[in-house]
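See below for the structure under consideration.
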Amino acid sequence: RSSLDTLESGIPELIIRISVDASQSRNYRMLLEGDSILSELCVLEDEFQRTVSAIQAGFSNKLVVLYFGATWSADCDDFTPLLKSVSSANSDDIVVVHVSADHHPADMGRMVSGSGWLCVPWSEHRLRHDLMRRMDISMTDLPQLAVVDGATHHVLSTSAKADVERRPLTCVREWKKARIGLSWWNKAKPW
């Protein structure tokens, strides 16, 4: 709901009130205020288990797509090729970071093999689980994607999987628009 009030200076003031249920409020707060998730990703690995820093990965110039997935999930098996295609076509604009929910490091290696993606190292078990907790990702909801602006660390989308499935050719362009303004607002209207 919004209302237009006039300030003492005679300039109209737009007041926007958002009403959301408690389960959604954390995601809206992350969308509005940003989150320090990327600061946790200081050291990553590439598909060959070589250490890569966030600076080397070019986080500050790209959108960071956090891919929460596991090889044991049939849904991930179906979704991963689509995400690989999108990331390959948009490698100048996005970097995919796989956050594995697998039970063995070899499984995680199979997921990122040939993708050009980065991943949270297997040895960072606590960090992987913390990222899942902070993004409200459940093991039963895999795969899931979140898009974070590498420069500002603002979460641009927590429903990025649906974006990729519905609009694989334009989803990255839409995420880039969200960097500039509040284009996510149209998707997030709770009324």
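The values are calculated or read from the model by the stated rules, or taken from the named source; none is laboratory data. Keep in mind the model is a prediction, meaning the values are calculated, not measured. No Cβ is skipped: glycine too gets one built from the backbone with ideal geometry, and neighbour counts run over all protein chains shown. All accessible areas refer to the heavy atoms of the entire protein, side chains included, with ligands and DNA or RNA removed. Shrake-Rupley method; radii C 1.70, N 1.55, O 1.52, S 1.80 Å.
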Any hit, segment 97-106, residues being among the polar types (S, T, N, Q) and modelled with pLDDT under 90: no
Selected residue (only one of Pro105, Pro143 is out of contact with any strand residue (DSSP E or B) (no Cβ under 6 Å at 6 or more places or on another chain) and more than 16 Å from Leu38 (Cα to Cα)): Pro105
Residue within segment 158-168 that is of a type in the set (Asp, Glu) and within 14 Å of Thr71 (Cβ to Cβ) present: no
Lone unmet requirement of (1) charged (D, E, K, R); (2) surrounded by fewer than 18 Cβ atoms within 10 Å (Cβ to Cβ); (3) under 17 Å from the mean Cα position of the chain (by Cα) for Asp77: (3)
Every residue from segment 80-92 that is free of Cβ contacts under 8 Å to residues at least 60 places away in the same chain and surrounded by 20 or more Cβ atoms within 10 Å (Cβ to Cβ): Ser87
So Ala151, is it closer than 18 Å to Leu41 by Cα and open to solvent by 10 Å² or more (accessible area, probe 1.4 Å): yes
Flag if Asn61 is polar (S, T, N, Q), open to solvent by 70 Å² or more (accessible area, probe 1.4 Å) and either more than 23 Å from Ser39 (Cβ to Cβ) or touching a residue at least 24 places away in the same chain (Cβ under 8 Å) (or both): yes
Whichever residue in segment 161-187 is part of a helix (DSSP H, G or I), under 27 Å from Thr80 (Cβ atoms) and aliphatic (A, V, I, L, M) and, among such residues, is modelled with the lowest pLDDT: Ala178
